[in-house]
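Input: a single structure, listed below in structure tokens.
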């Protein structure tokens, strides 16, 4: 099924912003019931795509009454196997994913699940970075020590997915100003940036503080 066909079915008009050089299309949409470990449940329309710039298998989950949301709430969530699946407390990814699903379901919008493990450096490299953090480096210093960028994530595919879904303006659920900058540069209008909650644990406090101090994440951490 083409992106144009799905957009027509759902009453949306697709139109790629000029900044997104390659057009993506919706390849499938399937209804999936979701149940999180704490018992919270919802149902998502899960979209897959063709033509994404990086060739990865990213997903968009339409949650709540996303078809009628005037300006949908959208969270681009980078995959985190350790946090999302195994419940690691070294980051806040798992709790952010859970929070985002419920908030988007209430408002109507999309959860973009992006295959960008470890800020784009991959799972093994992320675990190597954890070992360096255990020796005293922060999360950004560890990536650099591995010869990688501080944050290698690229949101071109996210912008393509939104365009294929017929979305031009969003309320961005994120603490990360870089997501807003990149999406805006790619032609997605960020009407508002909505911060997530603060998911603090004894194991992630240094990680969260580095995000605030180094890249300006909007997290109200205790002194």
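The values are calculated or read from the model by the stated rules, or taken from the named source; none is laboratory data. From a predicted model like this one, the values you see are computed outputs, not experimental measurements. Positions of Cβ are generated from backbone atoms using ideal geometry, with glycine treated the same way; all protein chains shown enter the neighbour counts.
Within region 111-131, the residues that satisfy the criterion of being touching a helix residue (DSSP H, G or I) at 6+ places or on another chain (Cβ under 7 Å) and either closer than 23 Å to residue 183 by Cα or modelled with pLDDT under 95 (or both) are 111, 112, 114, 117, 118, 119, 121, 129.
The number of residues in region 39-95 that are out of contact with any helix residue (DSSP H, G or I) (no Cβ under 6 Å at 6 or more places or on another chain) and on the phi > 0 side of the Ramachandran plot comes to 3.
For beta carbons closer than 6 Å, sequence separation of 6+ or different chains, a first residue in region 27-40 that is closer than 15 Å to residue 96 by Cα and a second that is surrounded by 11 or more Cβ atoms within 10 Å (Cβ to Cβ), the qualifying pairs are 36/98. Residue by residue through region 133-156, note down the ones that are closer than 18 Å to residue 91 by Cα and either in contact (Cβ under 8 Å) with a residue 24 or more places away in the chain or within 21 Å of the chain's Cα centre (by Cα) (or both). Those that are closer than 18 Å to residue 91 by Cα and either in contact (Cβ under 8 Å) with a residue 24 or more places away in the chain or within 21 Å of the chain's Cα centre (by Cα) (or both): 133, 138, 139, 140, 143, 150, 151, 152, 153. State yes or no: is residue 75 closer than 19 Å to residue 176 by Cβ and surrounded by 17 or more Cβ atoms within 10 Å (Cβ to Cβ)? For residue 75, the condition - closer than 19 Å to residue 176 by Cβ and surrounded by 17 or more Cβ atoms within 10 Å (Cβ to Cβ) - is met.
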